[in-house]
Structures are given as structure tokens and as C-alpha cells.
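Everything on this sheet refers to the single structure shown next.
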Amino acid sequence: MMEPSLRHIRYFIATANAGQISRAAKDINVSQSAITTAIKALEEIVGTTLFERHSSGVSLTYEGNLFLDHARHIVESVEEAIRIPRRIREDVKGSINLAVTYTIAGYFVPPFVSRFSRAFPNVRIHISEADRPNIEEGLIAGGFDLAVMLTSNIVNHEELSHDILVKSRRRLWVDAHHKFLKQPSVTLQDISSEPYIMLTVDEASNTAQRYWNKTSYKPNVFFRTLSVEAVRSMVASGMGISILSDMVYRPWSLEGRRVETLEVADGVPTMDIGLAWLRNHTHNEAAKAFIEFMHMSTGTGQSHNFIGNENRPAFGK
């Protein structure tokens, strides 16, 4: 039986990211026919349909979403083997007190820390979960060496430095039969007329209010929650809509109902994820290795779009 190539897998991931074959072809600079052929071959190899085709593009099937998780692991492993620094990693020793915010702990950092620990076995990472104010205080007081957090939320820019690793799009979440799916575009004015589910974890509601305040409209909030899964289930059930980052997006609720995403015409700001540390602080070798690893893993300076189960950027880019 024919085996899938790395090219098949890369084209599949690009299409899942883009939601359209034409956009995926443009993103990775290949022809649409090349992607179409690769996806058809991949579906024949795995023996199931990976994408649902519709007028506006493609979306992952349930089986496609499961396959995507494994596909990303494959690409990560290959690129890690190629791009990991050519040095004796066993010589890097020490410890890192790493702080993470709640969303980062749940949807971003675990695979990076896992791969870093395998690459640098003599570095101990002590991870603490905290909110943004306590992380900023801990970095300044010396309790934390580094933080992986929502850098777009940082308040104390005078004493803290940061690097943005990932810019995650914010898009509108709707149920699979929502009327907005038939519209050519959706604005914040349109959204304001619908029941809105407001996520509050990691200051999400404060961030939302900032971009809503630039308009004459406001969200029709009927429920506030700290739980992304609660938002997902409610949206999928048709109880309301929400604007959230692609980093936390999954196309299926726990009940097996579909969540669709739409671009917001008004231009909602991205959610920026990155590293933060005390300004002018001298890092130890372990912390330097972690910073280098995160830069290389996410392709610092590049904009990564998360969709579905793609909450882990491929190693390198």
C-alpha cells in the first residue's frame, strides 16, 4: 500500500489552516492542482474523507480533525530533528522558573516544554500557572525567570521586555447552521444583534471591550464564563456566538456538534503570545536555551494562524 509522503502531509496541513485550496496554494506557493491531487491521494491512503467540500471552501471532517493532530506531530518531529541546534545539549544544565497564564497552560505551552525537556535533559523546568498581574510581579521580584503569556495584555512595559512568538487570529464562532454563514461578510454591528457568550479567562473580556469600544456597538452578552469548553458547547448548540482566538479553536464540541468560524470585517486584533522577562536581566544558560528553542520552534517574527487542532505551530515555521 502506498505510504503518505511529507509533502502530502504538509499540503493537508496548509489546506486545513487556510480553509480553501486556492488560499493554501497561495500560502505555500504551489498550484491548486498539486494540493488537490495530494489530498485525494492522502484520502485514498487513509481510507476516509478528510475534508468536506462546500461553496466557500473546505472544512475538516471528524476523521480529518483527528488525522490533523497526528500530522502535526509528524511535521514537528521531522523539523525538530533537522533544526535543533547542533551542539552538545547535555552540556546545558540548570533550572528555569517558568510562569504561564491559564490559556497558555491549556492550549499552547505543553508540547513545547515536552520537546524542550527531551532536547535538553539536564535542564529542570519548574512551571507555575498564574494570572497576568502576578506573573508581572513575579518577573520583577525575581520569582520567575521567564514567562510564556499573552504579551498583548502586558501592562508594565517599563520594567519588562517581551518577544512575540505567535499572532493568533480572532474570529467569530457560530454553530453549523447559523445565518451568518450565508452572508458575504459579518461586522461587529451584525454580531451585536445576536446573543453573545463572553469568555473572561486571561482578561479576555477586557480585551474584547477594547475593540468593541472603538465602535458605537456593544456585544449582547447573556453569559460570561471562564471556560473555553463552555463557550464551545454553547456556540455549537446554537445558544449564542463568540469571538475567540484560533489558538483555542476546535471544530467539535464535547457533544460532537460542529463549530464554524468566520472572519470579522471590522478587523479584530490578534491575540499575541510570547516570552516575557525582566528588562536587562542576564539569563542563565538554561533560560537562554529555552528562549532560543522557542524562537526556533515558532519561527519568531512570523504570523501563525491556529485553526482546529492546530494549536501547536509546526517546529520551525
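The values are calculated or read from the model by the stated rules, or taken from the named source; none is laboratory data. Note that the structure is a prediction, hence the values are computed from the model and not measured. Every residue, glycine as well, gets a Cβ built from its backbone with ideal geometry; the counts of neighbours run over all protein chains shown. Surface accessibility is based on the protein's heavy atoms, side chains included, excluding ligands, DNA and RNA. Shrake-Rupley method; radii C 1.70, N 1.55, O 1.52, S 1.80 Å.
Among residues of the stretch 208-232 being within 18 Å of residue 263 (Cβ to Cβ) and within 23 Å of the chain's Cα centre (by Cα), the one that is surrounded by the most Cβ atoms within 10 Å (Cβ to Cβ) is 208.
One line per residue, one yes/no per condition, for (1) within 19 Å of residue 253 (Cα to Cα); (2) more than 23 Å from the chain's Cα centre (by Cα); (3) at pLDDT below 85:
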| site | (1), (2), (3) |
| --- | --- |
| 53 | no, yes, no |
| 68 | yes, no, no |
| 83 | no, no, yes |
| 87 | no, yes, yes |
| 98 | no, no, no |
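The residue that is least open to solvent (accessible area, probe 1.4 Å), among those in the stretch 119-143 that are in contact with a helix residue (DSSP H, G or I) (Cβ under 9 Å, 6 or more places away or on another chain) and part of a helix (DSSP H, G or I), is 119. For the stretch 160-179, the criterion of being in contact (Cβ under 8 Å) with a residue 60 or more places away in the chain, under 30 Å from residue 286 (Cα atoms) and assigned to a helix (DSSP H, G or I) is met by none of the residues. Taking the stretch 283-317 as the range and being at pLDDT 85 or above and over 21 Å from residue 150 (Cβ atoms) as the test, the residues that pass are 283, 284, 285, 286, 288, 289, 292.
Exactly one residue out of 145, 202, 163 is among the charged types (D, E, K, R), out of contact with any Pro (no Cβ under 7 Å at 6 or more places or on another chain) and under 29 Å from residue 222 (Cα atoms): that is 202. From the list 16, 41, 71, the lone residue that is without any contact (Cβ under 8 Å) to a residue 40 or more places away in the chain, outside any strand (DSSP E or B) and of a type in the set (A, V, I, L, M) is 41. Exactly one residue out of 255, 285, 203, 194 is touching a residue at least 40 places away in the same chain (Cβ under 8 Å) and either β-branched (Val, Ile, Thr) or open to solvent by 60 Å² or more (accessible area, probe 1.4 Å) (or both): that is 285.
All of (1) at pLDDT 95 or above; (2) more than 17 Å from residue 273 (Cβ to Cβ) hold for residue 120 with one exception: (1). Considering only residues in the stretch 266-282 that are assigned to a loop (DSSP other than H, G, I, E, B) and either of a type in the set (Val, Ile, Thr) or open to solvent by 70 Å² or more (accessible area, probe 1.4 Å) (or both), the one that is modelled with the highest pLDDT turns out to be 279.
Only one entry of 33, 77, 5, 56 meets the criterion of being closer than 25 Å to residue 256 by Cβ and either surrounded by fewer than 20 Cβ atoms within 10 Å (Cβ to Cβ) or touching a residue at least 12 places away in the same chain (Cβ under 8 Å) (or both), and that entry is 56.
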